[in-house]
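No lab work stands behind these numbers, since they all come straight from the coordinates. Being a predicted model, the structure only gives us computed values, none of them experimental. As a convention, Cβ positions derive from the backbone with ideal geometry for all residues, glycine included, and neighbour counts pool all protein chains shown.
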Amino acid sequence: MGKLNKKNSNLVNIIISCTTIIFLLAEYWRPLGFDRSIVVNLIFVATICFGILGIFSILRRYYGQILNWALANKLLFLIIPATVLISGGWIMNNTGKEFMPSLNEGSFLLMPTSLPHSGVAENKRVLQQLDMAVATIPEIEKVVVMTIDQLSAEGMKDMGKVMGVVSKELAGQADGKTISTIVKSKLS
C-alpha cells in the first residue's frame, strides 16, 4: 500500500468528519422524533447534509461561470435578492396575525406543552392539574355565581340552564368540562 497524497488525505478527513457529524446528529438531534428508528433519522440527516454539501460543491465548481453571468446581467441578477428582500418584508408584516388568536381584554391563552418523550399517562396527569388550576380562576367562578343569581337557579335541575348561559358567555375562554365542574360545585 502506498501513502496518501495531500489531496486524498484531505478527502479521507472530510469523509470521516461528515460521517461522524451525521451519526451524532442522527443520534442526539433525532429530527424525525424519538418514535422513529435511528436508521430513518440517519437517512434523513444524511440526505440533508449531503444535499447541502452537494449544492456547495456545485456552486464552488461553477462559481466562475455564475459570477460571469451575474456581472453580465446585473439587473436580471438583482431581481433575485430583491425578491427575497421584499418577500421577507411581506412575511414579517403578516407574521403574528395567523399565529395568535384575537384576545379580548381580560382573557388569557393557555397553551400546554410537553416534551416528546413524555408518555400519555404523564400528559393526562399534567392536563388534570391544569384543569384544576384553571377551575380556580376567579373570573370563571364569578361568571358562574352571577349567572346562578340571575337565573335564580337552586339545584342540579337547573344545571342545563346555567351551563347554556355560562358557556355562551365564556366561549373561547374556558372549556365545557371546567365550566361544568364549577357549576356542579356551586349548585350542589
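Counting each DSSP H run of 4 or more residues in the chain as -39500 (n - 2.57), what helix-only mean residue ellipticity at 222 nm follows after dividing by all residues, to the nearest 500 deg cm²/dmol?
One gets -22500 deg cm²/dmol as the mean residue ellipticity at 222 nm.
The alpha-carbon atoms of region 120-187 define a convex hull whose volume equals 83 cubic angstrom per residue.
Between 73, 123, 41, the residue with the greatest mean-square fluctuation in the GNM of the chain (Cα pairs under 10 Å linked by springs) is 73.
Here is the link list: 124/177; 124/157; 124/161. Which ones come out longer than 21 Å on Cα distance?
Correct reply: 124/157; 124/161.
Using the alpha carbons alone, the radius of gyration of the chain stands to its Kirkwood radius in an Rg to Rh ratio of 1.27.
Where does the longest stretch of the chain lie that holds no GluC sites (Glu not before Pro) found in a DSSP loop with 11 or fewer other Cβ atoms within 10 Å? Walk me through the numbers on the way to the answer.
Numbers: sites that count: 98, 105, 154.
Here the longest segment lacking exposed loop sites spans 1-97.
Between 0 and 90 degrees, rounded to the nearest ten: what's the tilt of helix 138-151 against the longest Cα principal axis of the chain? With rounding to tens, the tilt is 40 degrees.
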